[in-house]
Number of protein chains: 2
Amino acid sequence: MSQTSRRDADVVIVGAGLSGMIAARTVLAAGLQPLVLEADERVGGRILTEEVIPGLPVELGAQWIGDTHHRMFALAEELGVQTYPQYDDGQTSYELVGSGVLGENEFHARFADELAALERVFRTLDELAAEVPPAAPWLAPHAEEWDVMTAADWYDAQGLAPVARTLLEICTVGILAVPTVEVSFLHLLFTIQTCGVTAELFAESEGGAQTTRFVGGTSEIPNRLAALISEHIVLKAPVWLIEHSADSVSVHCRGGLVATGRRVIVAISPTLAGRIMYDPPLPGVRDQLTQRMPNGSAMKAFFIYDEPFWRADGFNGQLISDIGPARMSNDTCLPGDDHGIILMFLEGEQARDYAKWSQDDRREALTAELVRHFGSRAATPEFYVDGEWSDRQWTRGCYNANHGPHVWTTYGSALSEPIGTIHWASTDTATFWSAYMEGAVDAGERAASEVIAALNG
Amino acid sequence: MSQTSRRDADVVIVGAGLSGMIAARTVLAAGLQPLVLEADERVGGRILTEEVIPGLPVELGAQWIGDTHHRMFALAEELGVQTYPQYDDGQTSYELVGSGVLGENEFHARFADELAALERVFRTLDELAAEVPPAAPWLAPHAEEWDVMTAADWYDAQGLAPVARTLLEICTVGILAVPTVEVSFLHLLFTIQTCGVTAELFAESEGGAQTTRFVGGTSEIPNRLAALISEHIVLKAPVWLIEHSADSVSVHCRGGLVATGRRVIVAISPTLAGRIMYDPPLPGVRDQLTQRMPNGSAMKAFFIYDEPFWRADGFNGQLISDIGPARMSNDTCLPGDDHGIILMFLEGEQARDYAKWSQDDRREALTAELVRHFGSRAATPEFYVDGEWSDRQWTRGCYNANHGPHVWTTYGSALSEPIGTIHWASTDTATFWSAYMEGAVDAGERAASEVIAALNG
């Protein structure tokens, strides 16, 4: 049993993910002393770059930013992290609803009517999403109606042909990492609204959420940020108890550290925030909210080849498939490196199902899929690695928190509203690009400004 | 900061609800030493009898048992707790879908066709539920199909007239304490199956789940049980960390107590079990399960009058209303006492909505409802009390854990399967009358027998 030790600060911050560290930096700039307590032995949270081969950083977590992620572009520039565009030359490969494997041009020609109908559905989604206030989705004019139906209910009612409906499901699960039957339609609209429009959210290129990557790996962002405030960060300090009063907080960590301060910012996902013991206990509405915001299920699998052989064949490395195991893939090559890297996404049910397989079996099934789409050279990668997030103790699922039916309208106001001296961050509480790194920065800044106003105001 | 203290046992049990104490008693009878750690300052968990007026015990928690609750009848007899039948003479009062207030006979006459159609739906539910294995609902022949739809989806598809559909919703929410749009249809069928048939589950009398009460209050059961094993129970010991290995466990409580043993039984609801820190951490599938089993929302409100005036008017004290605030009520008078007591149920959305009101406003709105149904004498109760469960730190919602879409088929096997030296109890893990006291006993006995087989086998 470790002995109790104490550290004092103005603002104690739980979690050294992007949101928590941004909050720390922001309160520090306002002349307040932050102390960030991180359960894990590293910073970064859902951002995790690992050099699976020396010199080859692979993104097991967050990977891209998009053109409207202004805070992230500014942060990267400030931290001296270079960016580069996502590779996007060539055709995507499709296999949907028994179509067999088809190149993009052939797929678009054969299913032009279906895709036009899907485009109209996207326009309708954009119109409906525009009615949702990002900071208070429960105040949307049709909030009640939209919150008792699932995204699947609404999708199924659009009369789409199977190819279009399947493509819509795959696109959506690629964002939410849960099947649409588990998601409130209001939450889907909220997600679209915080990201702009469907074209921003779903598109990979030309203004979408995944246009740009970071040289050296995304972890360069949290690592450099941590270096700026390193004396304010304690690693391997899992918080289990927060005692709070009108003017002080005591935050207890496993290992015996007790951090005291005037305010606390809890910068971890809602489901994890709900695990902490609070004294006095939080109101029922907040507690029942965090019982109802489970994290999604996502796994990324990387195949590393001697070269990106698919490029020469006119492919962009992307596939969209309802056979799977992966529903989507991506060219994830690195600048200044000759390897060909393909990333396969297992999300929602795919992540849950294939997490039960052995890694060897999973690799074999994914390899067969790549061979179907990109030919026999895909059969012999030099290296394979995959990473699942629900097994990680201090994350417990990706990409973000999901809202099932009734959660927003019943409990939504408790998501980010401070409770006494306790404030809430993490991208799951953001009102701009919630679930993305941009949202983590947005939420961290918002929580920090609440605290600054309270303490310096 | 309290100093660390240690206690050693064979089996550490988390939670002194009915399930945990039954487990303790069972392992004790097998010659093993249990130690029960209870976070609260009392035993009983979701059973809570309070003498709101001296000599007048009121059930803020579990209240009834039904004719097939054999374990509970045996337990009551063993503990010397007398039982008495639920009062059920006279008519129920209805107001549904603009019908105005109607007595039972008039209601049944006017809506005979609708009620016959509802009866047919109950028969269909019974037939479908019979296909669900209580210990493994995910193995039901149509499990996948039933688990992607909500109970509301299935109900809506039955073509019921509004009165019947509304009555079905009210009955179901009265059991599950969440709106049917939040519940997997497979979970509804599982619930019916663990309780026998719909007639058992939904009926108040003649073989239903609510035929019988306990003299002196339901808390007599946990209190007398606790008295038998009092040296094995520690109160005010909230568990925050369980360290576990192949042959030992160390269970850490706030305040410094560390209980060591060879096995641990976690006998609290899944959402609360998910808040404990486990070292080594639990598999992702177990963690994502407990993120997805939120407790329901329930509040009981009691009106105490000088006498049960409604009985003389031919009423049984029950009302069923879609105007509310309460959807249902009950005659809750005590044997050998002259007071008239009416219990009003606020469940699901009603509990959530009216929990936001002041108690005075809530009482006023409920009083108006009673006056509509039982006349002006209802306007002047001697005493009013209500109790909400999501605010209670060591319960956080009632009556039990809910399964939304996909939870059973994706994660169900992780609900009660032991993980190394960790076993799971609580009524939410039962396979017979899950969510009821009978299920708490069932689950406690099952977890105890796992442990006994492992340690004595």
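The values are calculated or read from the model by the stated rules, or taken from the named source; none is laboratory data. Computed from a predicted model, the values in this text were never measured in an experiment. Every residue, glycine among them, receives a Cβ derived from its backbone with ideal geometry; neighbour counts consider all protein chains shown.
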What about B:Asp279, is it within 9 Å of chain A (Cβ to nearest Cβ), free of Cβ contacts under 8 Å to residues at least 60 places away in the same chain and touching an Asp or Glu at 6+ places or on another chain (Cβ under 7 Å)?
yes
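Would you confirm whether any residue within the stretch B:409-430 is within 21 Å of B:Glu59 (Cβ to Cβ) and touching a Gly at 6+ places or on another chain (Cβ under 6 Å)? Steps first, answer last, please.
Initial filter on the stretch B:409-430 (within 21 Å of B:Glu59 (Cβ to Cβ)): B:426-428, B:430.
Restricting the remaining residues to those that are touching a Gly at 6+ places or on another chain (Cβ under 6 Å) gives B:427, B:430.
Yes, some residue in the stretch B:409-430 is within 21 Å of B:Glu59 (Cβ to Cβ) and touching a Gly at 6+ places or on another chain (Cβ under 6 Å).
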Criterion violated by B:Arg263 - all others in (1) touching a residue at least 40 places away in the same chain (Cβ under 8 Å); (2) within 14 Å of chain A (Cβ to nearest Cβ) satisfied:
(2)
For the stretch A:340-354, indicate whether the set of residues that are over 22 Å from the mean Cα position of the chain (by Cα) and touching a residue at least 12 places away in the same chain (Cβ under 8 Å) is non-empty.
yes
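Which ones in the stretch B:370-394 are more than 10 Å from chain A (Cβ to nearest Cβ) and over 23 Å from B:Leu56 (Cα atoms)? Give the steps one after another, and end with the answer.
Narrowing the stretch B:370-394 to residues more than 10 Å from chain A (Cβ to nearest Cβ): B:370-387.
If the condition is that a residue be more than 10 Å from chain A (Cβ to nearest Cβ) and over 23 Å from B:Leu56 (Cα atoms), then B:Val371, B:Arg372, B:His373, B:Gly375, B:Ser376 are the ones that fit.
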Only one of (1) assigned by the TED database to the domain that holds B:Val264; (2) at negative phi is not met by B:Gly15, so which one is it?
(2)
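Condition (residue is β-branched (Val, Ile, Thr) and farther than 20 Å from B:Glu200 by Cβ) applied to the stretch B:139-155: is it met by at least one residue? Can you show your working first?
Narrowing the stretch B:139-155 to residues β-branched (Val, Ile, Thr): B:148, B:150.
Add one more test, that the residue is farther than 20 Å from B:Glu200 by Cβ, and what stays is B:148, B:150.
Yes: the stretch B:139-155 contains one or more residues that are β-branched (Val, Ile, Thr) and farther than 20 Å from B:Glu200 by Cβ.
In the stretch A:415-424, what residues are in contact (Cβ under 8 Å) with a residue 60 or more places away in the chain and in contact with an Asp or Glu (Cβ under 9 Å, 6 or more places away or on another chain)? Walk me through it before giving the result.
Quick first cut of the stretch A:415-424, residues in contact (Cβ under 8 Å) with a residue 60 or more places away in the chain only: A:415, A:419-424.
If the condition is that a residue be in contact (Cβ under 8 Å) with a residue 60 or more places away in the chain and in contact with an Asp or Glu (Cβ under 9 Å, 6 or more places away or on another chain), then A:Leu415, A:Thr421, A:His423, A:Trp424 are the ones that fit.
For the stretch A:132-150, what are the residues that are within 24 Å of the chain's Cα centre (by Cα) and either surrounded by fewer than 23 Cβ atoms within 10 Å (Cβ to Cβ) or within 20 Å of A:Leu115 (Cβ to Cβ) (or both)? Steps first, please.
Narrowing the stretch A:132-150 to residues within 24 Å of the chain's Cα centre (by Cα): A:132-138, A:146-147, A:149-150.
A:Pro133, A:Pro134, A:Ala135, A:Ala136, A:Trp138, A:Met149, listed by residue number.
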Just to be sure before I move on: is A:Ala76 within 14 Å of chain B (Cβ to nearest Cβ), of a type in the set (A, V, I, L, M, F, W, C) and touching a residue at least 12 places away in the same chain (Cβ under 8 Å) in the structure I sent?
no
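Do any strands (runs of 3 or more DSSP E) lying entirely in the stretch B:223-268 carry at least 1 residues that are basic (Lys, Arg), and which ones are they?
On the way: elements: B:239-244, B:249-253, B:257-261, B:263-266.
Once the strands (runs of 3 or more DSSP E) in the stretch B:223-268 are filtered for at least 1 residues that are basic (Lys, Arg), what remains is B:263-266.
What residue, among those in the stretch B:317-342 that are touching a helix residue (DSSP H, G or I) at 6+ places or on another chain (Cβ under 8 Å) and farther than 30 Å from B:His187 by Cα, is surrounded by the most Cβ atoms within 10 Å (Cβ to Cβ)? So that I can check it myself, show each step before the final result.
Going residue by residue through the stretch B:317-342, those that are touching a helix residue (DSSP H, G or I) at 6+ places or on another chain (Cβ under 8 Å) are B:317, B:319-329, B:331, B:340, B:342.
Then drop every residue that is not farther than 30 Å from B:His187 by Cα, which leaves B:317, B:340, B:342.
On the way: B:Gly317: 25, B:Gly340: 23, B:Ile342: 27.
Out of the qualifying residues, it is B:Ile342.
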Please give the number of the condition B:Gln288 fails out of (1) facing another protein chain (nearest Cβ under 9 Å); (2) free of Cβ contacts under 8 Å to residues at least 60 places away in the same chain; (3) under 28 Å from B:Cys398 (Cβ atoms).
(2)
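I'd like to check something: does the stretch B:271-293 contain any residue that is hydrophobic (A, V, I, L, M, F, W, C), within 26 Å of the chain's Cα centre (by Cα), closer than 30 Å to B:Val81 by Cβ and modelled with pLDDT of 95 or more?
Pass one, the stretch B:271-293, residues hydrophobic (A, V, I, L, M, F, W, C): B:272-273, B:276-277, B:282, B:285, B:289, B:293.
When the remaining residues are screened for being within 26 Å of the chain's Cα centre (by Cα), the result is B:272-273, B:276-277, B:285, B:289, B:293.
Of the ones still in play, those that are also closer than 30 Å to B:Val81 by Cβ are B:272-273.
Okay, now just the ones that are also modelled with pLDDT of 95 or more, so B:272-273.
The answer is yes, given that some residue of the stretch B:271-293 is hydrophobic (A, V, I, L, M, F, W, C), within 26 Å of the chain's Cα centre (by Cα), closer than 30 Å to B:Val81 by Cβ and modelled with pLDDT of 95 or more.
Would the stretch A:126-143 turn up any residue that is in a helix (DSSP H, G or I) and closer than 30 Å to A:Leu343 by Cβ? Please lay out each step first, then the result.
Step one: filter the stretch A:126-143 for residues in a helix (DSSP H, G or I), giving A:126-129, A:137-139, A:143.
Within this subset, residues satisfying the condition of being closer than 30 Å to A:Leu343 by Cβ are A:126, A:129.
Within the stretch A:126-143, one or more residues are in a helix (DSSP H, G or I) and closer than 30 Å to A:Leu343 by Cβ.
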Subset of the stretch A:397-447 (residues that are within 11 Å of A:Pro270 (Cβ to Cβ), within 14 Å of chain B (Cβ to nearest Cβ) and hydrophobic (A, V, I, L, M, F, W, C)):
A:Ala401, A:Val407, A:Ala414
